[in-house]
């Protein structure tokens, strides 16, 4: 009898793995592809529909496999989004090393330098839970060659296995290592740029703020922030409403990844979406920095409606209080810190839930006398650079963002 049950169990697993899951995957892809509504003006909507369907399908598969006890729900997502390695590049010297358990990949142009080069630290995106050095290989190679610079890509350890705020510590330690070994890489100490995309831009922002306490190190020349996420105080800003269902990062997904990043149960996500996690005194204190009133009117014309007031719920605050810390929400840093920050380059995308984070940080920096160069991608969406360098699978806006970024770095 036991062997009979075992046989039935094996047959059931085979059926689920080779029939049910593929059928579900196909169904989700087809449903999402034909039913996803995209706003007018977004770039290459058919291609974007396809990639969003694959993303959602991958996340669903991860949930199923986790329920079956096969793997963690993030495993499949990490594999799919890890990218395809490019061919060897004859123009670059690429070296891998590990510093304080953190993998680094260092890109250097092979042509002999005429002088000391710029040094660029790059922190990849991925909500702190996925993404890798490999996934952003093409971005870093492009910067190294086009900027004739030494680029250090940081493979910070991922949450939830490596708990928050370990990602910031990894990025800071990698930066400190590089700054203390500039001579080895022939880098000009006056030309250090700290950069990143999405959550990587968040890590870059926190790192620049933290480095103000290290008086014995060279000053950062510039911070380069590509569609950054910088605050967890207000999830009702205009860009959240307007781009609630726009790939590759929806309103619901960003709350979901916040919970995964902090390794919290996701039962309270709707309350966080409604800002019930923010105490009234904190809401009033930071309104001068984080408010829809500070977003220029031209960014509200796509149907923004002022949200109804919601009540503070202490139990929700207690569950996710970390997202109101400066290491999670560097937009909330005091003016005494903001005014000391280096010259900045900020990219925002119109069809991005995080657009207003970038706009608000731009205003804060400018109000504190920090020079800001701003590039707004009018038909772009969040996560564009994950597709950069993949030929027909990439998006034109990604190339424009990279070229604008390169031009800015070369102007320093």
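Yes/no per residue for (1) over 30 Å from residue 378 (Cβ atoms); (2) touching a helix residue (DSSP H, G or I) at 6+ places or on another chain (Cβ under 6 Å); (3) exposed (fewer than 12 other Cβ atoms within 10 Å of the Cβ); (4) modelled with pLDDT under 85:
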residue	(1), (2), (3), (4)
2	yes, no, yes, yes
11	yes, no, yes, yes
16	yes, no, no, yes
34	no, no, yes, yes
39	no, no, no, no
44	no, no, no, no
73	yes, yes, no, no
84	no, no, yes, no
93	yes, no, no, no
Note on region 130-147: residues in a loop (DSSP other than H, G, I, E, B) and buried (at least 21 other Cβ atoms within 10 Å of the Cβ) are 130, 131, 147
Take region 130-162 and flag every residue that is within 22 Å of residue 208 (Cα to Cα), within 17 Å of the chain's Cα centre (by Cα) and touching a residue at least 60 places away in the same chain (Cβ under 8 Å).
131, 136, 139, 158, 159
In region 208-219, what residues are touching a strand residue (DSSP E or B) at 6+ places or on another chain (Cβ under 9 Å) and either more than 21 Å from residue 373 (Cα to Cα) or surrounded by 24 or more Cβ atoms within 10 Å (Cβ to Cβ) (or both)?
211, 217, 218
Test residue 168 against the criterion of being on the phi < 0 side of the Ramachandran plot, surrounded by 17 or more Cβ atoms within 10 Å (Cβ to Cβ), in a helix (DSSP H, G or I) and within 17 Å of the chain's Cα centre (by Cα), and give yes or no.
yes
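Quick grid of which residues meet (1) more than 21 Å from residue 195 (Cα to Cα); (2) in the same structural domain as residue 130 (by TED's automatic domain parsing); (3) surrounded by 15 or more Cβ atoms within 10 Å (Cβ to Cβ):
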{"residue": "255", "(1), (2), (3)": "yes, yes, yes"}
{"residue": "267", "(1), (2), (3)": "yes, yes, no"}
{"residue": "311", "(1), (2), (3)": "yes, yes, no"}
{"residue": "315", "(1), (2), (3)": "yes, yes, no"}
{"residue": "339", "(1), (2), (3)": "no, yes, no"}
{"residue": "350", "(1), (2), (3)": "no, yes, yes"}
When you scan region 367-379, do you find a residue that is under 26 Å from residue 326 (Cβ atoms), out of contact with any helix residue (DSSP H, G or I) (no Cβ under 8 Å at 6 or more places or on another chain) and buried (at least 21 other Cβ atoms within 10 Å of the Cβ), even just one?
no
Which is outside the structural domain of residue 403 (by TED's automatic domain parsing) and part of a loop (DSSP other than H, G, I, E, B), of 113, 85?
85
Looking at region 257-264, can you tell me whether even one residue there is assigned to a helix (DSSP H, G or I), more than 30 Å from residue 72 (Cα to Cα) and either under 26 Å from the mean Cα position of the chain (by Cα) or in contact (Cβ under 8 Å) with a residue 12 or more places away in the chain (or both)?
no
Unmet requirement for residue 216, which otherwise passes all of (1) in contact (Cβ under 8 Å) with a residue 24 or more places away in the chain; (2) in a loop (DSSP other than H, G, I, E, B)
(1)
State whether the residues of region 57-72 include one that is touching a strand residue (DSSP E or B) at 6+ places or on another chain (Cβ under 6 Å) and either closer than 29 Å to residue 206 by Cβ or part of a loop (DSSP other than H, G, I, E, B) (or both).
no
Residue 320 crowded, with 19+ Cβ neighbours inside 10 Å, under 21 Å from the mean Cα position of the chain (by Cα) and closer than 21 Å to residue 225 by Cβ
no
Scanning region 163-176 residue by residue, the ones that are in contact (Cβ under 8 Å) with a residue 60 or more places away in the chain and closer than 11 Å to residue 102 by Cα total 3
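The values are calculated or read from the model by the stated rules, or taken from the named source; none is laboratory data. Fair warning: this is a prediction, and the values are worked out from it, not measured in the lab. So basically every Cβ, Gly included, is an ideal-geometry build from the backbone, and we count neighbours across all protein chains shown.
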